[in-house]
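The values are calculated or read from the model by the stated rules, or taken from the named source; none is laboratory data. All of these numbers come straight from a predicted model, not from anything done at the bench. Note that we place each Cβ from the backbone using ideal geometry, even for glycine, and neighbour counts take in every protein chain shown.
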Amino acid sequence: MNRQRLHHQADKIEYVLATHKAPAKVTGGRVTPRTIQFHVSPSATTKVSQVEKLAEEVALALNTSSARISRSNGQINIEIPRDDVQPLRLFDLCDQVRKDSQMAQALAVPGTMLLGMAVDGVPILLRVSAPDVAHVLIAGTTGSGKSEAARTMLASLMLFQRPRDLQVIIIDPKASEFRQFEQLPHLLCPIVKNVEDAVANLEWLVEEMMRRQEQMIVRPRIVLMIDELADLLVQGGGEVESYLARLVQRGRSAGISVIACTQKPTASVLGGLVKANFPVRLVGKVTGANEALVAAGVAQSGAEKLMGRGDFLLIANGEKIRVQMAHIPADDYETLRAAVLSAAQARPTSSARNSSTPHRATNFVQAMFERVR
């Protein structure tokens, strides 16, 4: 990223704010693979609400599609999309986190997955085995990257955890989104591709949950990945909804987690099943404020303003984190397969401490810039 251009954009931001009688100084910022974030220090006479109302004016001045204005840590942040979006490869991110012994140890705990990078430049981990996580809903329109996000989550689980510690069931009605994971050792059964087989597998999983609860078994952890949850509920009817309701209500104590994707996050389709039982949401771009409310579970999440293609909000424990999801290029899947098979044979079981919140690294390389006056 050209430093001179960053300073030129900062000058434009200051000019727009001053013109609208909300004077402030750009003190620095941060460049991520997808966005540029400017740190703005308002003058004593400038109200935060004044700056927040100027998002469209800032976007127009910078000739960009949008400008997102937020407040954190005593400063105002103005975030714009990069013209030259840089993809965040999962394997590049894995190489970074392996250099952090604490994070590498955390990833070895069954149910822990590497999502991507937060806007502050550090990787984000999520542990479904934590008591207040358990199940995750991934929501977003076509093109938001929700299936890619699901593949990233599965890949990171398989890369860092052995089959004896973690097993996976995939329900993929499209029969195309997860074919890269066929025949990997973590799969409990072949990828499920039709409603009849989905019902049979859900019935078995409910029975397995009951057996585990009676015998107090939680390992190996089982992760059920469902693509197109809304379509499965419509096609499978009450039987599917009944099985899923039991799994998300009682699966936690049996070491069973559900990760479900949907592009139709509407109350009429998902109903109470999602509202009460998916404490963690990973929300990509949605079509409007109503869908954003259902998908995120909180008001004014801003999910309808996300940029798509892997730009997500992670909502957990009352905290909202902007995440650029890592992705796996098509050319990397053979490498993934080889790495998973190798890791399944070589990695010892970890005894790392459990954690209930998304994990942030402290030593990830950040692309920062400062304005020297």
Checklist entry - Taking Asn77, is it more than 30 Å from Ala339 (Cβ to Cβ) and modelled with pLDDT of 90 or more? => result yes
Checklist outcome for this item: Within the range 155-213, restricting to residues that are assigned to a helix (DSSP H, G or I) and aromatic (Phe, Trp, Tyr), the one that is farthest from Ile226 (Cα to Cα) is Phe160
Checklist entry - Based on what the data block shows, is Leu224 surrounded by 20 or more Cβ atoms within 10 Å (Cβ to Cβ), out of contact with any Leu (no Cβ under 6 Å at 6 or more places or on another chain) and part of a helix (DSSP H, G or I)? => result no
Item to check | Matching residues, the range 19-55, being within 28 Å of Leu88 (Cα to Cα) and part of a helix (DSSP H, G or I) | outcome: Ala55
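Return the residues of the range 207-228 that are within 15 Å of Ile259 (Cα to Cα) and modelled with pLDDT of 90 or more; say none if nothing qualifies. So that I can check it myself, show each step before the final result.
Our first condition is that a residue be within 15 Å of Ile259 (Cα to Cα); within the range 207-228, this holds for 221-228.
Scanning the range 207-228 gives Arg221, Ile222, Val223, Leu224, Met225, Ile226, Asp227.
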Checklist entry - Within the bounds of the range 144-161, is there any residue that is touching a Gly at 6+ places or on another chain (Cβ under 9 Å) and farther than 27 Å from Gln324 by Cβ? => result no
Next on the checklist: As an exercise: evaluate Gln235 against (1) surrounded by fewer than 18 Cβ atoms within 10 Å (Cβ to Cβ); (2) over 26 Å from Gln263 (Cβ atoms) and give the number of the one condition it does not meet.
Outcome noted: (2)
Next on the checklist: Return the pair list, or none, for Cβ contacts closer than 9 Å from residues in the range 235-251 that are closer than 17 Å to Leu137 by Cβ and touching a residue at least 60 places away in the same chain (Cβ under 8 Å) to residues that are exposed (fewer than 15 other Cβ atoms within 10 Å of the Cβ) and of a type in the set (A, V, I, L, M), at least 6 apart or on different chains.
Outcome noted: Val248/Ala276
Next on the checklist: Can you pull out every residue in the range 47-104 that is under 19 Å from Leu313 (Cβ atoms), touching a Ser or Thr at 6+ places or on another chain (Cβ under 9 Å) and among the polar types (S, T, N, Q)?
Outcome noted: Asn77
Next on the checklist: Where the second residue is in a loop (DSSP other than H, G, I, E, B) and among the basic types (Lys, Arg) and the first is under 28 Å from Ala106 (Cα atoms) and lies in the range 160-180, which pairs have Cβ atoms under 8 Å and are six or more apart or on separate chains?
Outcome noted: Phe160/Arg347; Gln161/Arg347; Arg162/Arg347; Asp165/Arg219
Next on the checklist: If I filter the range 173-186 down to residues being touching a helix residue (DSSP H, G or I) at 6+ places or on another chain (Cβ under 7 Å) and of a type outside the set (S, T, N, Q), which single residue comes out as nearest to Pro220 (Cα to Cα)?
Outcome noted: His186
